[in-house]
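What follows is one structure encoded as structure tokens, with my remarks underneath.
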Amino acid sequence: NPYAGLVSHLRASWLSGKTRPMEYRVAQLEALGRFLDEKKQEILEATDLDMGKPSFEAYFTEILLCKNELNVTLNNLCHWMKDEHVDKNLVTQLDSAFIRKDPYGVVLIIAPWNYPVQLLMVPLIGAIAAGNCVIIKPSEISKNTERLLAETLSCYLDTDCFAVVTGGVPETTQLLENKFDYIFFTGSPRVGQIVMTAAAKHLTPVTLELGGKNPCYVSDTCDIPNVARRVAWGRFFNAGQTCIAPDYLLCTLEMQEKLMPALREAITEFFGPNPKESPDFGRIVGDKQFRRIRALLSSGRVAIGGQTDEAERYIAPTVLADVLPSDPAMQEEIFGPILPIVVVANMDEAIDFINARPRPLALYVFSCDSKVVNQVLERTSSGGFCGNDTLMQVTLTSLPFGGIGNSGLGKYHGKFTFDTFSHHRGCLHRNMGLETLNTPRYPPYTQQKLGILNATFEVKRRGTCTLL
């Protein structure tokens with residue numbers, strides 16, 4: 001295996017204890033901060049070459065959000081690393097009971113192409129903070145960003161403990177044959193199954209950040225212009241190539257008719273009369289992806305947009321009306337600038353529609369009535385949730401980000417990333433003396449000893465808990 005030597009080298013570094021001291025972790029994290037500062041222009045240029053990503057969007061998602069994660073981690077690392085002392089029973093009152101946050105060892109991070117810096121850097125920050133050695137696999141589809149990461153990250157990070165591996169499916173397949181102590185994968189559910197199967201051979205734990213068709217229910221009581229702007233921003237940001245973008249709208253026929261002119265106005269406000277000429281609207285990453293998305297335009301009827309240019313890999317911001325659940329656009333995650341609208345009779349039908357499908361990565365609901373928002377929240381299940389906006393939940397490092405069921409396994413962002421890459425080791429350090437306290441547990445057993453054992457170990461219920 002071509003990567004066996006690399007994995008062995010990193011494992012030797014980890015076993016040496018090099019990555020464990022807080023000072024080492026901080027130094028590597030600060031080096032990542034310098035990378036983001038010094039290579040800012042190169043990152044903006046690479047993401048523009050890969051998918052025409054507007055510099056505003058690239059700076060916000062690939063640099064600012066990464067720096068936020070980095071600074072939150074550096075601000076809190078000494079606290080996160082501390083042993084967490086826990087409650088004790090009567091027998092262990094004089095002992096020390098705590099949770100130690102140990103690094104897993106050598107971990108693998110496989111990143112996608114749609115946010116090629118952020119979705120590699122954020123898990124990397126947590127993996128370094130937790131004291132691991134890391135092999136990083138950027139996506140070969142965003143080839144300019146891949147080249148930038150491969151050529152420059154090694155200038156900032158300790159190459160004895162961190163390495164970048166490039167290549168496509170064959171290389172990733174060979175990489176996955178090696179034993180890792182943790183694997184963090186972001187991509188499609190189909191490839192997630194392959195990664196999980198490879199990890200199972202070594203009993204390696206995984207985090208899988210996958211996609212899904214994220215529903216967006218719009219109730220009959222809402223501020224229509226605001227809904228249109230917020231939905232259009234979330235759907236067409238990064239030309240729709242966002243795993244948490246609203247994938248389709250659910251609303252009544254009456255609301256569909258009201259939303260259409262508002263969505264058209266929002267798209268014109270954002271991108272002008274011809275979005276193809278707008279510097280603020282991106283392109284599809286590759287020819288294969290372009291053809292797949294274009295084929296979905298046959299669903300329902302094109303109410304807004306629909307124009308395409310294969311040479312530029314351009315698909316206009318598009319809204320499809322009267323889409324049926326059986327239409328092609330409802331059979332797969334769209335991952336492009338197309339927004340289907342599916343008509344439902346009411347909120348109950350929308351909830352039933354959502355619950356009849358695999359659980360999504362994100363779920364959105366718009367309503368001026370907070371009871372409607374809470375009803376949808378309480379009666380559905382999804383990786384994350386946002387009421388009256390789109391995408392914004394991902395900007396909070398205080399919220400866990402991750403899927404459930406078909407949309408993923410595990411969570412990260414902020415402290416959640418540190419915890420994901422840490423083994424929480426339960427530890428009890430007992431006093432060597434006071435042996436008389438232990439005699440009730442030793443044979444020969446008696447009824448009297450059982451009574452003492454019951455009195456010292458039993459946990460009593462205090463009463464009912466009320467959710468406010």
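The values are calculated or read from the model by the stated rules, or taken from the named source; none is laboratory data. This is a predicted model, so every value here is computed, not measured. Virtual Cβ from ideal backbone geometry, glycine too; neighbours counted across all protein chains shown. Accessible surface areas use protein heavy atoms only, side chains included; no ligands, DNA or RNA. Shrake-Rupley method; radii C 1.70, N 1.55, O 1.52, S 1.80 Å.
Some points to look at:
- For the range 192-230, a residue qualifies if it is farther than 30 Å from VAL107 by Cα, in a loop (DSSP other than H, G, I, E, B) and not hydrophobic (A, V, I, L, M, F, W, C), and the qualifying residues are SER219, ASP220, THR221, ASP223.
- Of the numbered criteria (1) farther than 30 Å from CYS133 by Cα; (2) in the same structural domain as LEU77 (by the TED database), the one GLN375 fails is (2).
- For the range 315-346, taking the residues that are open to solvent by less than 40 Å² (accessible area, probe 1.4 Å) and farther than 26 Å from PRO189 by Cα, the one that is nearest to the chain's Cα centre (by Cα) is identified as ALA316.
- Within the range 347-374, being of a type in the set (Gly, Ala, Ser) and surrounded by 13 or more Cβ atoms within 10 Å (Cβ to Cβ) holds for ALA350, ALA362, SER367.
- Taking every residue in the range 417-441 that is under 30 Å from THR204 (Cα atoms) and pairing it with any residue that is part of a helix (DSSP H, G or I), at least 6 positions away or on another chain, the pairs with Cβ-Cβ distances below 6 Å are THR417/GLY126; PHE418/TRP80; PHE418/GLY126; PHE418/ALA129; PHE421/GLY126; PHE421/ALA127.
- Some residue of the range 75-96 being in the same structural domain as ARG190 (by the TED database), crowded, with 24+ Cβ neighbours inside 10 Å, hydroxyl-bearing (Ser, Thr, Tyr) and not in a strand (DSSP E or B): no
- Contact map, the range 258-275: first residue closer than 15 Å to ALA316 by Cβ, second residue outside any helix (DSSP H, G or I) and open to solvent by 70 Å² or more (accessible area, probe 1.4 Å), Cβ cut-off under 8 Å, separation 6 or more or different chains; pairs are PHE270/ASP280; PHE271/ASP280.
- Close pairs from the range 63-81: first farther than 22 Å from ALA46 by Cα, partner surrounded by fewer than 17 Cβ atoms within 10 Å (Cβ to Cβ) and of a type in the set (A, V, I, L, M, F, W, C), Cβ under 7 Å, at least 6 apart: LEU74/VAL26; LEU77/MET22; LEU77/VAL26; CYS78/MET22; MET81/MET22
- Some residue of the range 157-164 being within 18 Å of ILE43 (Cβ to Cβ), open to solvent by 10 Å² or more (accessible area, probe 1.4 Å) and in a strand (DSSP E or B): yes
- Within the range 1-19, the set of residues being within 28 Å of the chain's Cα centre (by Cα) and surrounded by fewer than 16 Cβ atoms within 10 Å (Cβ to Cβ) is empty.
- Contacts under 8 angstrom Cβ, first residue in the range 446-468 being under 16 Å from THR436 (Cβ atoms), partner part of a loop (DSSP other than H, G, I, E, B) and at pLDDT 85 or above, 6 or more apart: THR456/ASN89
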